[in-house]
Amino acid sequence: MSIAIALDGPAGAGKSTIARRAASELNYIYVDTGALYRSIALAALKKGIEPDDAAEAEKLLPEITVDLAFNESGEQIVLLNGENVSADIRTPEVSMAASKISAIPAVRAFLLDLQRGMAKTHNVIMDGRDIGTVVLPDAQVKIFLTASPEARAGRRYKELVEKGMDVNFEDILQDVITRDYNDSHRETAPLKPAPDSVTVDTTELDFEQSVEKIISVIKENL
Ligand code: DC
């Protein structure tokens with residue numbers, strides 16, 4: 001049987017960078033489920049569909065395909081209708097649209113089998129919002145990774161500036177707060193710690209300390 005580590009938590013808690021590193025040390029596959037919601041958001045934006053228009057979003061789903069692939073360094077690639085959109089889904093506009101479109105139950109249902117299928121065929125660290133609660137309720141280890149909104153906005157700001165984007169810290173902090181609210185108040189699969197999860201707060205931890213902490217929680221709980 002394959003091993004599944006569920007890693008949930010709010011935007012910008014460092015889930016993706018920490019999980020990527022932990023997965024490579026443990027020789028697991030890292031699955032970033034946010035990228036799947038982002039690719040549907042991108043498809044909606046391209047078609048001029050409002051990301052909170054459930055009826056239009058539902059009509060869009062049968063017209064698109066979303067797949068995951070891995071390149072030779074083991075990095076995840078998201079394919080929207082067969083096209084690699086891994087870079088296009090990383091803009092603040094897509095972040096906000098993903099937060100809205102992911103509240104639509106049909107969108108969540110559309111992505112469920114893809115996520116479960118990955119965990120059936122590989123040892124995974126899967127990062128998202130509802131992995132421990134909905135997608136993989138039987139995951140052997142569940143971690144809820146969090147940090148203060150200011151710390152999370154600061155990290156996202158740095159990341160975007162390093163990519164050469166012209167962004168403003170206050171806007172990013174507001175985005176973080178709005179997305180936290182959207183993600184934790186939606187009716188379907190809201191962001192919340194699974195009752196059997198271990199919470200790890202990275203506000204005061206640097207990257208190396210966070211990775212060490214996650215790996216030790218995984219090893220202690222396997
Ligand atoms: O992790 P991220 O920031 O790339 O996720 C983008 C959006 O997708 C986020 O606002 C919440 C949503 N999401 C979700 O609802 N469920 C998941 N398992 C992963 C992401």
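What the table below lists for this structure:
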item: Condition met for GLY48 (closer than 29 Å to SER2 by Cβ, more than 14 Å from the ligand (Cβ to nearest atom) and among the small types (Gly, Ala, Ser)); result: no
item: Search result, residues across the range 206-222 that are modelled with pLDDT under 95 and either out of contact with any strand residue (DSSP E or B) (no Cβ under 9 Å at 6 or more places or on another chain) or within 12 Å of the ligand (Cβ to nearest atom) (or both); result: ASP206, PHE207
item: Selection count where residues are open to solvent by 10 Å² or more (accessible area, probe 1.4 Å) and within 13 Å of VAL66 (Cβ to Cβ), scope the range 26-42; result: 5
item: Long-range neighbours under 8 Å by Cβ, at least six apart or interchain, first residue over 14 Å from MET165 (Cα atoms) within the range 87-109, second among the aromatic types (Phe, Trp, Tyr) and near the ligand (Cβ under 8 Å from one of its atoms); result: ALA98/TYR37; ILE101/TYR37; SER102/TYR37; VAL107/TYR37
item: Hey, ASP88 among the charged types (D, E, K, R), within 16 Å of the ligand (Cβ to nearest atom) and surrounded by fewer than 19 Cβ atoms within 10 Å (Cβ to Cβ) or not; result: yes
item: Flag if ASP166 is of a type in the set (Asp, Glu) and over 16 Å from the mean Cα position of the chain (by Cα); result: yes
item: Check on VAL78, within 9 Å of the ligand (Cβ to nearest atom), open to solvent by less than 10 Å² (accessible area, probe 1.4 Å) and at pLDDT 95 or above; result: no
item: Selection count where residues are of a type in the set (S, T, N, Q) and open to solvent by 80 Å² or more (accessible area, probe 1.4 Å), scope the range 180-222; result: 2
item: Residue tally, condition open to solvent by less than 70 Å² (accessible area, probe 1.4 Å) and more than 9 Å from the ligand (Cβ to nearest atom), over the range 98-108; result: 2
item: Cross-chain or 6+ apart pairs with Cβ under 8 Å, the range 205-222 first and closer than 13 Å to ILE125 by Cβ, then assigned to a helix (DSSP H, G or I) and among the charged types (D, E, K, R); result: VAL211/ARG21; VAL211/GLU25; ILE215/GLU25
item: Selection status of LEU136, open to solvent by less than 40 Å² (accessible area, probe 1.4 Å), without any contact (Cβ under 8 Å) to a residue 40 or more places away in the chain, hydrophobic (A, V, I, L, M, F, W, C) and within 16 Å of the ligand (Cβ to nearest atom); result: no
item: Residues located in the range 109-128, provided they are farther than 12 Å from ALA35 by Cα and crowded, with 22+ Cβ neighbours inside 10 Å; result: ALA119, VAL124, ILE125
item: Where ASP67 falls short, out of the listed (1) acidic (Asp, Glu); (2) within 15 Å of the ligand (Cβ to nearest atom); (3) in contact with a strand residue (DSSP E or B) (Cβ under 7 Å, 6 or more places away or on another chain); result: (2)
item: Candidate set: the range 150-179, residues that are assigned to a loop (DSSP other than H, G, I, E, B) and within 16 Å of the ligand (Cβ to nearest atom); chosen: the one least open to solvent (accessible area, probe 1.4 Å); result: VAL167
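The rows are residues; the columns are (1) touching a Leu at 6+ places or on another chain (Cβ under 8 Å); (2) modelled with pLDDT of 95 or more.
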{"site": "ALA4", "(1), (2)": "yes, yes"}
{"site": "THR17", "(1), (2)": "no, no"}
{"site": "SER24", "(1), (2)": "no, no"}
{"site": "ASN27", "(1), (2)": "no, no"}
{"site": "GLY34", "(1), (2)": "no, yes"}
{"site": "SER39", "(1), (2)": "yes, yes"}
{"site": "ALA44", "(1), (2)": "yes, yes"}
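The values are calculated or read from the model by the stated rules, or taken from the named source; none is laboratory data. Model, not experiment: these values are computed from the prediction. A quick note on method: Cβ atoms are made from the backbone with ideal geometry, for glycine too, and the neighbour counts reach across all protein chains shown. Surface areas here come from the heavy atoms of the whole protein model, side chains and all, with no ligands, DNA or RNA. Shrake-Rupley method; radii C 1.70, N 1.55, O 1.52, S 1.80 Å.
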